[in-house]
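Peer 1: Okay, here's the structure, questions in a sec.
The values are calculated or read from the model by the stated rules, or taken from the named source; none is laboratory data. Worth saying up front: this structure is predicted, and the values here are computed from it rather than measured. Methodologically, a virtual Cβ is constructed for each residue, glycine included, from the backbone with ideal geometry; neighbour enumeration extends over all protein chains shown.
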Amino acid sequence: MRVDGRDAAAVARAAGLLAAGELVAFPTETVYGLGARAGDDAAVAKIFALKGRPAGHPLIVHVAGRAEAERFGVLSPLAERIVDAFWPGPVTVIVRRVPGAAEAAAAGQATIGLRCPAHPVAHALLVAARDAGVPGVAAPSANRFGRISPTTAAHVVEEFGDELLVLDGGAAQLGIESAIVDCSRERPVLLRPGVLTPERLEAALGAPLAGAGPGAPRAPGTLESHYAPRARLRLMSTQMLKTALEMLGSDPLKLAVYSRSVPSGVATGVRHRRMPARPEQAAHELFAVLRELDNDGVHLIWVEEPPPGPEWDGVRDRLSRAAAA
Ligand code: TXA
Ligand code: MG
């Protein structure tokens, strides 16, 4: 059931459900999350069951602030720099886990992912939950395993139906998931790019960030294929997209095109959505556009590759994983 997340009574009700070991969906500035009481292994198991998420994929624990974070993890000096610079905000730190804390949420790992979201509804929920004895809320994105992450309350209902309580906080402002920085090692590693650029993270860390390139350590549960629409998505260079559309001629197939340029000679009947020229705007609408095109029943989605440059890393990462399905 969708309820207004700005309503204090709705937030109190959601916090009560979390305290009772039930699941609740809530908005964050990145994407919507599917939350459970982090310390309650049975509640956390419900997340895995509802999402169809394989065991061994650890969840991020969401907290109201640093004091709550320290119930779950030991903030290393690197983590402290990220926390001081960006919390509340769209970055998750991986740190050593406090032994015995949030065992199931961490999928048994010796480390834990911690995030303090900036969305006012998320923050209100985390404060209310804390005051109800729930210092942390384990929450993955509120979508079925492998599918497109939700950026609106309606997307969450589309994924899980009307049984689940969903706090509606409007469209997620950023639109792609938090950057994940592993601060549990000697050197920081960017495990997942987000909207915050590597440059900004490095400036706060005072150290170069190893990327999640080939050979770099990988977050458990980070898969090559993810965010998959039902349609087949292909990423193409500007030139390749142009050529392919010319070859297509007047046959529209069941095709959608998402590109910065408006390709000339697109057959009538081909759905076209224009990709914004600014990376923040592209991130903001990315998952909603993929969902919309998918719901239109197209068989193919052809996407023009984003321009080079680190400010596009987050969008490029999500698109290349959506294309790997
Ligand atoms: O923006 C976000 O981070 C959203 C919102 C809801 O906060 N959450 C999110 O959660 O994206 P999820 O479960 O879809 O992605 C969490 C990822 C895991 O797949 C894994 O790669 C990484 O976080 N992760 C979590 N705990 C970890 C750990 N202890 N070590 C390494 N990676 C971890
Ligand atoms: Mg996810």
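Peer 1: With a cut-off of at least 2 residues that are within 16 Å of ligand 2 (Cβ to nearest atom) and modelled with pLDDT of 95 or more, name the helices (runs of 4 or more DSSP H) lying wholly within the stretch 31-90.
Peer 2: 41-51
Peer 1: Restricting to the stretch 234-246, give me the number of residues that are surrounded by 16 or more Cβ atoms within 10 Å (Cβ to Cβ) and either modelled with pLDDT of 90 or more or within 16 Å of ligand 2 (Cβ to nearest atom) (or both).
Peer 2: Count: 3.
Peer 1: Further, regarding this structure: From the list A139, A132, A107, pick out the single residue that is within 16 Å of ligand 2 (Cβ to nearest atom) and closer than 19 Å to A14 by Cα.
Peer 2: A139
Peer 1: Pick from the stretch 129-180 the residues that are among the β-branched types (V, I, T) and closer than 14 Å to F26 by Cβ: which of them is surrounded by the most Cβ atoms within 10 Å (Cβ to Cβ)?
Peer 2: In this case the residue turns out to be V137.
Peer 1: Name the residue that is surrounded by the fewest Cβ atoms within 10 Å (Cβ to Cβ), counting only residues in the stretch 181-209 that are over 30 Å from T152 (Cα atoms) and of a type in the set (D, E).
Peer 2: Only one residue tops the list, namely E186.
So that you can scan it fast, the table gives a plain yes or no per residue for (1) over 14 Å from the mean Cα position of the chain (by Cα); (2) not aliphatic (A, V, I, L, M):
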| residue | (1), (2) |
| --- | --- |
| A101 | yes, no |
| A142 | no, no |
| G146 | no, yes |
| L164 | yes, no |
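Peer 1: If only one of V181, V166 is touching a strand residue (DSSP E or B) at 6+ places or on another chain (Cβ under 6 Å) and within 12 Å of ligand 1 (Cβ to nearest atom), which one is it?
Peer 2: Criteria check complete, one pass: V181.
Peer 1: When you check G146 against the structure, is it closer than 25 Å to G314 by Cα and modelled with pLDDT under 95, yes or no?
Peer 2: Here the answer is yes, as G146 does meet what is asked.
Peer 1: Scan (1) more than 10 Å from ligand 1 (Cβ to nearest atom); (2) part of a loop (DSSP other than H, G, I, E, B); (3) farther than 19 Å from P117 by Cα for the single condition E202 breaks and write down its number.
Peer 2: Every condition holds for E202 apart from (2).
Peer 1: Look through A216, A231 and report the one residue that is at pLDDT below 70, more than 16 Å from ligand 2 (Cβ to nearest atom) and touching a strand residue (DSSP E or B) at 6+ places or on another chain (Cβ under 8 Å).
Peer 2: A216
Peer 1: Additional query: So T92 ticks every box in (1) surrounded by fewer than 24 Cβ atoms within 10 Å (Cβ to Cβ); (2) within 22 Å of C183 (Cβ to Cβ); (3) under 20 Å from the mean Cα position of the chain (by Cα) but one. Which box is left unticked?
Peer 2: Of everything listed in (1) surrounded by fewer than 24 Cβ atoms within 10 Å (Cβ to Cβ); (2) within 22 Å of C183 (Cβ to Cβ); (3) under 20 Å from the mean Cα position of the chain (by Cα), T92 misses just condition (1).
Peer 1: Looking at the structure I just gave you, is A139 in contact with a strand residue (DSSP E or B) (Cβ under 9 Å, 6 or more places away or on another chain), closer than 20 Å to D40 by Cα and either at pLDDT 95 or above or more than 10 Å from ligand 1 (Cβ to nearest atom) (or both)?
Peer 2: Numbers: in contact with a strand residue (DSSP E or B) (Cβ under 9 Å, 6 or more places away or on another chain): yes; closer than 20 Å to D40 by Cα: yes; either at pLDDT 95 or above or more than 10 Å from ligand 1 (Cβ to nearest atom) (or both): yes.
Taking the combined requirement at face value, the residue satisfies it.
Peer 1: What pairs come out if I take residues in the stretch 253-273 that are part of a loop (DSSP other than H, G, I, E, B) and of a type in the set (V, I, T) and pair them with residues that are at pLDDT 85 or above and surrounded by fewer than 17 Cβ atoms within 10 Å (Cβ to Cβ) whose C-beta lies under 8 Å away, six or more apart or interchain?
Peer 2: From the stretch 253-273, the pairs are V262/H272; V262/R274; V266/H272.
Peer 1: Just one of H226, H284 is at pLDDT below 90, under 23 Å from T151 (Cβ atoms) and of a type outside the set (D, E, K, R); which is it? I'd like the intermediate steps shown before the answer.
Peer 2: Values: H284 fails: at pLDDT below 90.
Exactly one of H226, H284 is at pLDDT below 90, under 23 Å from T151 (Cβ atoms) and of a type outside the set (D, E, K, R), namely H226.
Peer 1: Another one. Do you know which of the residues in the stretch 151-169 that are farther than 17 Å from A36 by Cα and part of a loop (DSSP other than H, G, I, E, B) is nearest to ligand 2 (Cβ to nearest atom)?
Peer 2: T151
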